[in-house]
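FYI, it's all coordinate maths here, none of it is from the lab. Note that the structure is predicted; figures quoted are calculated from it, not measured. Glycine also receives a Cβ, built like all others from the backbone with ideal geometry; neighbour counts cover every protein chain displayed.
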Amino acid sequence: MIGGVPTQPDLWPATLILRGGPASGCTVTVVGDHVVLLAAHCVNAHSAGVIKFRSGQPGSIVCDVHPAYKEDQQPTVPVNQTKDFSLCLSTRAFEGFPFERIGTSIADGRLHEQIRLLGYGCTLDRGVDHKFGVLFTGTTKVDQVPTSADDVYTVAKGEGALCYGDSGGGAYADPDVNNRRSLIGVNSKGNFSDTSFLSTTATETFINWALAWSQAMKANICGLHASAQNCR
């Protein structure tokens, strides 16, 4: 995280590390007892990955990417990079910590509001340090909100900015009066200096797909299902 500060993983127990896939390492967020949310560019469609559980033991997940981001489309159909969403099903349940809640309200992450980024990525401008594995957090401000159904990016500018390895992690609205935090986007990309692009969850693009995926997988997601358990 460029411009970020180290933070204790115990404060963010649902933020974990993914190894393998197209990226050498990504940050992921547990949003249900068997569900992980991350960026589509971190995995291949219908592929398996290895996630590091908080116990230190590796676990397997099987991931699906948003259909607009599929890499097996015809070359004449461009991949929509703003729909950088992937949901993964874990082969075993996550236990012992609360799961993050996906925000679905446009009231979170409004223009010019401060938001918080989280990731295990590098820390220096342009990513020259290539570090991965220490959890950092940083604040930034919303500079642009999604403009259409085909552009679901929230653009943020400020001191905190995404770096290699932060991809897939969560972007959060600051806690409300009840100290509840809301995951409003998935870390997608940045200019490795001061600007970050986040795939926004409070969009029909994400919500409709996530609900269909969860029904097919018979898995509840915090923020989308009232019956989801152990949600923060």
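If each Cα of region 102-200 is one equal point scatterer, what is log10 of I(q)/I(0) from the Debye formula at q = 0.23, 0.25 Å⁻¹?
-1.15, -1.31
Which lysines does LYS83 reach when only Cα atoms under 18 Å apart count, and residues fewer than 8 places away in its own chain are ignored?
LYS70, LYS189
Restricting to the chain, what percent of DSSP beta bridges are antiparallel, rounded to 5?
Counting DSSP beta bridges with both partners in the chain, the antiparallel share is about 95 percent.
Enumerate the calculated ³J(HN,Hα) couplings along region 4-15 in order (Karplus 6.51 cos²θ - 1.76 cosθ + 1.60, θ = phi - 60°), each rounded to whole Hz, writing x wherever the residue is Gly or Pro.
Taking θ as phi minus 60°, the curve returns x, 10, x, 9, 6, x, 5, 7, 9, x, 8, 9 Hz for region 4-15.
Could you order the peptides 43-50, 191-198 from most to least packed, using the average number of other C-beta atoms within 10 Å per residue?
Packing proxy ranking, top to bottom: 191-198, 43-50.
Pairs of alpha-carbon atoms within less than 8 angstrom and 6+ residues apart define the contacts here; what relative contact order does the chain have, in percent?
Here the relative contact order equals 25 percent.
Give the Cα extents of the chain along the principal axes, in whole Å, largest first.
44, 40, 37
Hey, can you grab everything whose amide H is under 5 Å from the amide H of LYS189? Only 5+ residues off in sequence or another chain; H modelled, so Pro and N-termini drop out.
PHE197
Among 152-160, 27-35, 91-99, what's the highest-first ranking by average C-beta atoms within 10 angstrom per residue?
27-35, 152-160, 91-99
Decide, for region 61-151, between rounded, prolate and oblate: order the square roots of the alpha carbon gyration tensor eigenvalues as a ≥ b ≥ c, take rounded if a/c falls under 1.5, and otherwise choose prolate if a/b is larger than b/c, else oblate.
rounded
Note down the magnitude of the dipole of the chain about its Cα centre, charges +1 on Lys and Arg C-beta and -1 on Asp and Glu C-beta and zero elsewhere, to the nearest 20 debye.
Computed charge dipole of the chain: roughly 440 debye.
Do any cysteines of the chain lack a neighbour Cys whose Cβ is under 4.7 Å away, and which are they?
none
Counting only other residues whose beta carbon sits under 10 Å from that of LYS141, what net charge do I get with K and R as +1, D and E as -1?
In short, -2.
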